[in-house]
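Step one of this worksheet: look at the structure below.
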Amino acid sequence: MDIVVKGRKTEVPERFRKHVAEKLKLEKIQRLDAKVMSLDVEVSKEPNPRQADRCDRVEITLRSRGPVIRAEAAASDPYAALDLAAEKLDARLRKQHDKRFSRRGARRIPAAEVADHVPDAATLGSNGLPVPQEETDGVPTKRIGSLEVKGEGPLVVREKTHVASPMTLDQALYEMELVGHDFYLFVDSETKEPSVVYRRHAYDYGVIHLSTDPMVAEGEPPAAGGTLGG
């Protein structure tokens, strides 16, 4: 595998290409991710003189069989920008490496027990929406989207509906890394129930699984739902 260095609206001198090869050591990268397929480095320059301290930008893109890892940085010269971007790439590679060896299969928390484990967990109704608390005298109630809001808010609601194919927990983690979010909602291929993976402290990840409460199915009051936490 070679490192491809290219410039966007700027020339890349041979001296800088050699510096890239010295800075991004392929042996070290392949130790952290043995399935690397390509490594691209793109250099661009901002012509605006007001941004002289960030005029040179370097973007590093690593593609492997897992999610794409991208790191970018800007500085007053391309060498400083490369150093910053390389540090970010190394941190993300180590994070991916540690994730592969992190423990799997931690005890799953039933939906009915989420409120016991997650502070300030929201209460959900059988339709999956938050159950409003008791009415407060003199507080106006209004609807925003599909939610009922008390008082003035403020609350911004954006609803989205996605078609999802069932996937494993590992695949959901990869998809979360791919889109760069701190959480990812998916349908568990094992249980066929909705689940959420989310980023916790350091390199840890959490997962919340939802299952239908049999008491709700029989007409009993709904149990507590959950919010991401910890």
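A short reminder: the numbers here are calculations on the coordinates, not readings from a lab. Note that the structure is predicted; figures quoted are calculated from it, not measured. Backbone-built Cβ (ideal geometry, glycine too); neighbour counts: all protein chains shown.
Couple of notes before you dig in:
- Loop sites in segment 26-57: trypsin sites (Lys or Arg not before Pro), DSSP, at most 12 other Cβ within 10 Å: Lys35
- For Leu89, net neighbour charge (Lys/Arg +1, Asp/Glu -1) across residues whose Cβ lies under 12 Å away: +1
- 27 Å Cα-Cα threshold exceeded, pairs from Lys9/Lys95; Lys35/Lys99; Lys6/Lys99; Lys6/Lys28: Lys9/Lys95; Lys6/Lys99
- Here the Karplus relation 6.51 cos²θ - 1.76 cosθ + 1.60, evaluated at θ = phi - 60°, turns the backbone of segment 48-60 into coupling constants of 5, x, 5, 10, 4, 6, 9, 6, 9, 10, 10, 10, 10 Hz, with x for every Gly and Pro.
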